[in-house]
Amino acid sequence: MPQPRLPLPPSRAVYSQLHTDHYPWTEVTVDLAARQAQGLSGVFDAQQGPSWARFVWVRGTLRGGFSAGGDVSWPAALAALPRAQVTLAALDPAVADLVWASRTWAPQPLEGLWPTPQAALTRERFSGVLLGGPACSFWEGGQPLDGTLPAPGATCVALPRLPGGTGGREALLTFWTDLITAAHRLSPLDEAWRQVSVRLSGQHPCLDPFAREVTVTGGRLRVDPDLPLGEAQPALLGAFQGTLARLGLRLADLPLAELRTRPEWAASGLETA
């Protein structure tokens with residue numbers, strides 16, 4: 001079942017609560033089509049009594065619509081909400097993407113009252129939505145992109161892009177394994193990885209070659225199963241970026257089309273570090 005509508009930053013509104021008695025659906029549709037052609041990233045809401053529908057665009061592409069009952073088409077929304085109040089918010093593409101994707105994510109309560117969880121969210125490069133009381137903020141790579149942070153003392157709930165616990169850890173480490181394998185195919189990286197790991201071991205002890213908690217052999221990543229993800233993730237990011245630099249490669253040089261589509265891409269921090 002989709003999540004309830006997330007509150008959006010009021011300052012992002014292009015127009016708010018216009019009634020279709022005065023701004024007819026035909027004009028609304030034409031306006032949105034023009035904005036879509038111009039690369040719209042944003043969220044359109046329609047409300048009639050207790051019924052509502054929300055539609056999301058990212059970089060000019062309509063991701064789709066949903067309501068309290070599930071995904072919904074534009075014609076179905078117009079038929080169900082003939083006399084609605086409509087609101088359009090223009091958002092950063094990353095935020096609009098989070099609004100769309102998070103509609104089916106499972107909420108996870110966070111330990112401690114705000115701002116206690118903030119350090120862990122930053123360290124683990126949290127990507128998703130943070131809710132605390134009436135506040136809602138959108139995060140990528142451990143940093144808030146938009147929205148309002150919880151008030152001090154608030155109980156917080158996260159809608160993470162990656163599942164929590166063992167599932168999330170395995171998904172992210174599988175992503176790093178596939179990424180390193182792809183880079184290794186382009187340019188063998190074992191020796192460069194070893195040299196960078198030695199240099200960074202003071203900052204990330206798990207990279208110490210003698211500890212053997214994080215190693216790359218034959219382009220194959222191995223991470224100690226007991227190593228916390230909060231330690232492994234920043235170490236992998238630093239070592240990978242340092243290895244590319246030593247090899248004279250850029251991220252854009254790598255064949256990563258498939259990897260860029262995976263939810264772990266944002267959580268890896270590759271483009272936000």
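The values are calculated or read from the model by the stated rules, or taken from the named source; none is laboratory data. Fair warning: this is a prediction, and the values are worked out from it, not measured in the lab. Cβ: placed from backbone, ideal geometry, glycine included. Neighbour counts: every protein chain shown. What goes into the accessible areas is simple: the full protein's heavy atoms, side chains included, and nothing from ligands, DNA or RNA. Shrake-Rupley method; radii C 1.70, N 1.55, O 1.52, S 1.80 Å.
Please go through segment 41-68 and pick out each residue that is surrounded by fewer than 16 Cβ atoms within 10 Å (Cβ to Cβ) and touching a residue at least 60 places away in the same chain (Cβ under 8 Å).
Correct list: ALA68 only.
Among the residues of segment 148-158, is there at least one that is within 29 Å of ARG250 (Cα to Cα) and of a type in the set (Val, Ile, Thr)?
no
I'm trying to understand the selection: among the residues of segment 79-98, which are in contact (Cβ under 8 Å) with a residue 12 or more places away in the chain and either farther than 26 Å from SER11 by Cα or assigned to a loop (DSSP other than H, G, I, E, B) (or both)?
Correct list: ALA80, LEU81, PRO82, ARG83, ALA84, LEU91, ASP92.
Taking segment 132-162, which residues are open to solvent by 40 Å² or more (accessible area, probe 1.4 Å), touching a residue at least 40 places away in the same chain (Cβ under 8 Å) and among the aliphatic types (A, V, I, L, M)?
Within segment 132-162, LEU145, VAL157 meet the criteria.
GLU27 passes all but one of (1) over 23 Å from ARG161 (Cα atoms); (2) of a type outside the set (S, T, N, Q); (3) in contact with a strand residue (DSSP E or B) (Cβ under 9 Å, 6 or more places away or on another chain); (4) outside any strand (DSSP E or B); which number fails?
(3)
Could you please let me know if GLY165 is at pLDDT below 90, open to solvent by 50 Å² or more (accessible area, probe 1.4 Å) and either in contact with a helix residue (DSSP H, G or I) (Cβ under 9 Å, 6 or more places away or on another chain) or of a type outside the set (Ser, Thr, Tyr) (or both)?
Yes, satisfied.
Kindly indicate whether any position in segment 46-58 is modelled with pLDDT under 95 and under 30 Å from GLN143 (Cβ atoms).
The answer is yes, given that some residue of segment 46-58 is modelled with pLDDT under 95 and under 30 Å from GLN143 (Cβ atoms).
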